[in-house]
């Protein structure tokens, strides 16, 4: 099993990715939508740092987007339009964080369940047969079949 990178390295990598996205967003101006790249960064932060870390990066992504939007000269006719746009982006980034966090938690639960099942069943790596108590080895296809009932003909 490989050793995961330290928390500092993960946060530094995410900050570097956000800096690259911000620079790309700045040079493409407000007319090109770079929002999905920020969304990917927020989702990756949730995968690496958990829900709270992902939430922090979702707010950071929204702030970077708003800063870049203002710095590139985009002016809204009303302030509430800017606030609404930022709120919608924050909501989208936060929903991405929640979805990635739930997916990762579900995946980990399935991995734990699979590891537990692998400890309970002995499977031959060569032929794929499974041990059934003291009854010996059975093919996996036979193992998953329903037992014949006394009442069926």
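Worth a mention:
- Alpha-carbon Debye profile of the range 8-52, log10 I(q)/I(0) at 0.14, 0.25 Å⁻¹: -0.35, -0.86
- Residue 40 paired with residue 95, simple spin-label distance in nm, labels 7 Å along Cα-to-beta-carbon: 2.0
- Computed across the range 7-120, the Kirkwood radius stands at 15.3 Å (inverse of mean 1/r, all Cα pairs).
- Sites residue 20 and residue 122, calculated FRET efficiency, Cβ-Cβ separation with R0 35 Å, nearest 0.05: 0.10
- Tilt relative to the chain, helix 35-71 - C-alpha long axis, 0 to 90 degrees, to 10: 20
- Fewest-first sequence of 80, 47 by Cβ atoms within 10 Å of each Cβ: 80, 47
- Mean Cα-pair separation over length for the chain, i.e. relative contact order, pairs under 8 Å, 6 or more apart, %: 19
- Evaluated over the Cα positions of the range 32-79, the convex hull gives a direction-averaged projected area, one quarter of its surface, of 3.7 nm².
- Going by neighbour counts of Cβ atoms within 10 Å, the residues 8, 91, 82 line up, fewest first, as 8, 91, 82.
- Spin-label pair residue 104-residue 131: with each label point 7 Å from Cα along the Cα-Cβ axis, the two points sit 3.7 nm from one another.
- Which of 97, 20 has the fewest Cβ neighbours within 10 Å, and the rest in rising order: 20, 97
- Each helix, a run of at least 4 DSSP H residues, gives -39500 (n - 2.57); summed and divided by the residues of the chain, these come to -24500 deg cm²/dmol at 222 nm.
- Angle of helix 7-28 to the longest C-alpha principal axis of the chain, folded into 0 to 90 degrees and rounded to 10: 50°.
- Spin-label proximity, residue 114 to the range 42-60 - amide N less than 20 Å from point 7 Å beyond Cα toward beta carbon: 47-48
Computed from the coordinates by the stated procedures, all read-outs in this text should not be read as laboratory data. All figures in this text were calculated on a predicted structure; none of them were measured in a lab. Don't worry about glycine lacking a Cβ; one is built from the backbone with ideal geometry, like all the others, and counts go over all protein chains shown.
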